[in-house]
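The values are calculated or read from the model by the stated rules, or taken from the named source; none is laboratory data. Just so it is clear, the structure is predicted and the values come from calculations on it, not from any experiment. Cβ atoms come from the backbone with ideal geometry, glycine included; neighbour counts cover every protein chain shown. Surface accessibility is based on the protein's heavy atoms, side chains included, excluding ligands, DNA and RNA. Shrake-Rupley method; radii C 1.70, N 1.55, O 1.52, S 1.80 Å.
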Amino acid sequence: MSTRQSPWEKTLILSRNSPVPLYCQLKDILKAAIECGKLKPNDRLPPETELAQRFQVSRMTVRQALIELENEGFIRRRQGRGTFVAEPKFRQSLLRLTSFTEDMQARGLKPGGRVLSIKVILGDKDLMQRFRATPDERFVRLERIRLADGEPMALEISFLRRKFCPGIEEIDFTDQSLYAILHEQFGLELGWASQTIEAKLANEYEAKLLGVQVGSPMLLMQRITYLADSLTPIEYVRSSYRGDRYQLYVEVKR
Ligand code: GLP
């Protein structure tokens, strides 16, 4: 086994006298190496046994440090292939009503979308309540995978009130912005939205489509969007964002 040290390890010795547990010290060293760019996205970390030997700690200590780094989204373990530095997270502001397309463009990334299905449906009890709709109202259900530079970021299911955008189900939404279409083709001006965010774990379906492990962290954002000139709700969306790639950001004032 190679004992050659990477530059980020050279001068770093864990202190056994410190009140900070060894696994926390090791975690901080690896985290600092990632944050300052000495370890880059997709760099492979040495195997657990090698890290244990280099830092003179047990494998349990190494494992504990790696579990925490993974939970915080700094590294990703790939079955049978090893442990790699994760891509940095996207910071998503919560203050503006923006579209996925606008968010990606603002970051200089190419937005994309793969349509999984689009169909006209009658609302169930939940939809009728959310939209305060009558039982005969029709909705368009659009399910898409959202991509940033070709990488899957989110699974999104949008419900639209068809009476405001009749025929929208005929549109091919591959790599197309829903908000742009609502505005340009149907003359709809979006005004504001109410949004909730909660933590969840990726189920099998989401994991397969987003290329993550079953049980990995996800952010479920649910939005109801209203038209600008009224209190009319027009879309209800359930977006499941990859928790390893997204961080939500808001500035607060006292
Ligand atoms: C984001 C929001 C969704 C919204 C979508 C529209 O992903 N979370 O609520 O429906 O943007 O994006 P686009 O116009 O790119 O299709």
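Before moving on, here are some points about what is shown:
- Of the DSSP H helices in the chain, those that are both long (alpha-carbon extent of 15 Å or more along the helix axis) and hydrophobic (Kyte-Doolittle mean at least -0.5) are 22-35, 59-71.
- Net lengthening on full extension, residue 174/residue 149 (0.36 nm per residue, minus Cα-Cα): 7.6 nm
- Cross-link partners of residue 208 among lysines, defined as those whose alpha carbon lies under 19 angstrom from its own and excluding same-chain residues fewer than eight positions apart: 200.
- Per-residue ellipticity at 222 nm, computed for the chain from helices alone with -39500 (n - 2.57) per DSSP H run of at least four residues, works out to -7000 deg cm²/dmol.
- Once backbone amide H atoms are built at 1.01 Å from N, residue 246 has 90 as its partners under 5 Å, excluding neighbours fewer than 5 places away on the same chain.
- Converting phi to 3J(HN,Hα) with the Karplus coefficients 6.51, -1.76 and 1.60 and the offset θ = phi - 60°, segment 135-152 yields x, 8, 6, 9, 10, 10, 9, 10, 10, 9, 9, 9, 10, 10, 6, x, 9, x Hz in sequence order, with x at every glycine or proline.
- Solvent-accessible area, 1.4 Å probe, carbon plus sulfur percent, for the chain: 50 percent
- For segment 159-167, 3J(HN,Hα) computed residue by residue from phi via the Karplus equation (6.51, -1.76, 1.60; θ = phi - 60°) reads 10, 10, 7, 5, 5, 8, 9, x, x Hz, glycine and proline entered as x.
- Pairwise FRET efficiency - residue 67 versus residue 197, Cβ, R0 = 22 Å, nearest 0.05: 0.35
- From phi via Karplus (6.51, -1.76, 1.60), per-residue ³J(HN,Hα) for segment 173-183 in Hz, x at Gly/Pro: 8, 4, 6, 10, 8, 4, 5, 5, 5, 4, 6
- Where the chain is the region considered: accessible area per residue in Å², 1.4 Å probe: 56 Å²
- Area of residue 57 that stays accessible when all protein chains are in place (1.4 Å probe, Å², to 10): 20 Å²
- Distance from segment 60-107 to segment 153-218 (C-alpha centre basis), Å: 21 Å
- Near residue 138, the amide H atoms lying under 5 Å from its own belong to 162, 163; only residues 5 or more places off or on other chains count, and H is placed 1.01 Å from N.
- Fully extended contour minus Cα-Cα distance, from residue 122 to residue 186, at 0.36 nm per residue: 20.9 nm
- Partner lysines for residue 31 [C-alpha distance under 24 Å; skip if fewer than 8 residues away on the same chain]: 10, 40, 89
- Accessible-area ranking of 205, 236, 179, largest first, probe 1.4 Å: 205, 179, 236
- Ranking 244, 124 by solvent-accessible area of protein heavy atoms (1.4 Å probe, all protein chains present), from largest to smallest, gives 124, 244.
- Segment 206-254 shape via C-alpha gyration tensor axes, a/c threshold 1.5: oblate
- When 132, 59 are compared by accessible area at a 1.4 angstrom probe, the order from most to least is 132, 59.
- Amide hydrogen proximity for residue 43: with H placed 1.01 Å from N in the peptide plane, the residues at 5 or more positions away or on another chain lying under 5 Å are 85.
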